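Comments concern the structure below.
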Amino acid sequence: MKLLAEELRPEKIEDFVGQEKILGKESLLKKAIKQDNIPSMIFYGPPGTGKTTLAKIIAKQTKYHFEQLSAVSSGVKDLKLIVERAEINKRLSEKTILFIDEIHRWNKKQQDGLLPYIENGTIILIGATTENPSFEVNSALLSRCRVFLFEKLKEEEIEKIVKRAILKQKIKIDKKAIKFLKEMSNGDARVALNILDYASSLNKKVEEKDIKEAFQKQNLYYDKNGKEHHDLISALIKSMRAGEENAALYYLMRMLDAGEDPLYIARRLIVFASEDIGLQNSLALNQAVAVFNACHFIGIPECTLNLAQGVVYMCRNKKSRTIPEALKKVEMDVLRYGNLKIPLHLRNDKSFEEKEDYIDFLPERIKGRKYLS
């Protein structure tokens, strides 16, 4: 039996919901689809925003042959089999789209394996990734693809998708349940439909309590944009700031247990290293970046150790907010005085002879200002 999200996947571009910037009337992609001239592309954005759906719609609307791989469970051997079929299609004047989900999971060698077939027109690549392709996709491959940024779906777009499902499946649901569902889905249509599917199996008429129970059962009740998310990250940061390592570890585990992205926490450690430790220990930034890289390479559950090490390290360091406080003062002057004239001896003026006795580096209006104490 198909999941509801799969069963309701739209097949026409007119039925696709969201991503107006990508699919607006004058957009490059929409023109390319109409002209039957699809370039190789990378779809970058959060899960449940329509990357796979749009790839399948493109294949159908252009009548290309569609092949799909998941980078998690496939490799070069799988690619070779698809290329063999694509070469046959090419001889028959049929184009082949190869959609690779989570393309960032392929290593450099695997990604390089795509290059000759993209260049000779055997395949048109559509790669989907939730990670920044500038860092996760080889530059050689990236230079041959256009990148399209997918955004989280708006609540009204989630509601539109949910109501379409309700109508098609003849689900009875009250307004409060729909409101709660669209708010808690975090811009992810797949989550919204899966939760709706589960909740409708609990009761003939879906109420708000059924949606809440479905989120809890699916381990999705932790809202990554909601109050609990912000409360927990706030508690973690304040505990590290106070040097309370036991409390910091507790809030770290609360977040991970609820399903928080470890890379989100690692990024916050990087900010903390500069914002709260700063010049007291410049190595704190190196430690935080190392934690991020470790989380990226290893993933859950092992990277919990890396995060815990980083959190305790931040707790045990002396704190200094000299840099952020100085930046606030600088920002106030920039906003207050606007584009002050740069001293002549600092400008890119080749006709000006630089003299060693010039000591004023700030504009005249704020000369002598001290931002760092």
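Quick look at the numbers
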item	result
Proxy reagent accessibility, fewest Cβ within 10 Å first, across F292, F180, F135, F43	F135, F180, F292, F43
Nearest-0.05 FRET efficiency for K108 and K34, computed from C-beta distance (R0 30 Å)	0.25
For the chain, with +1 on Lys and Arg beta carbons and -1 on Asp and Glu, the positive-most of L285, A55, H230 along the dipole	A55
Length-normalised contact order for segment 250-318 - Cα pairs under 8 Å, 6+ apart - percent	38
Cys residues of the chain counted as unpaired, since no other Cys beta-carbon is under 4.7 Å	C145, C315
Cβ-Cβ FRET estimate between Y337 and R254, R0 fixed at 41 Å, reported to 0.05	0.35
Inter-label distance, nm, simple model (7 Å from Cα along the C-beta direction), D174/E94	5.3
Given charges at beta-carbon only (K, R positive; D, E negative), |dipole| of the chain in Debye	860
Residues L279 and D360, FRET efficiency given R0 of 25 Å [Cβ-Cβ distance, rounded to 0.05]	0.50
Folded to 0 to 90 degrees: helix 189-202 orientation relative to the chain principal axis, Cα	60
Debye log10 I(q)/I(0) at q = 0.06, 0.12, 0.13 Å⁻¹ for the chain, Cα point scatterers	-0.35, -1.09, -1.16
The chain: angle of helix 283-298 to the longest principal axis, Cα-based, in degrees nearest 10	10
Choice from G338, G310, G50 with maximal GNM fluctuation in the chain (Cα, 10 Å cutoff)	G338
For the chain: relative contact order, % (alpha-carbon pairs under 8 angstrom, 6 or more apart)	13
Helix-derived mean residue ellipticity, 222 nm - over the chain, DSSP H n ≥ 4, -39500 (n - 2.57), to 500	-15500 deg cm²/dmol
Prolate/oblate/rounded label for segment 227-316 (Cα gyration tensor, a/c 1.5)	oblate
Taking only Cα atoms of segment 19-149, radius of gyration then Dmax in Å	13.8, 40
Quarter of the Cα convex hull surface for segment 36-99, i.e. its orientation-mean projected area (nm²)	4.8
Euclidean distance of C-alpha centroids, segment 182-196 and segment 47-111, integer Å	27
Computed label-point distance, nm, for sites F135 and I166 using a 7 Å Cα→Cβ extension	3.9
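Since every read-out is calculated from the coordinates, none of them should be taken as a lab result. None of these values were measured; they are calculated from a predicted model. Reconstructed Cβ throughout: ideal geometry from the backbone, glycine too, with neighbour counts over all protein chains shown.
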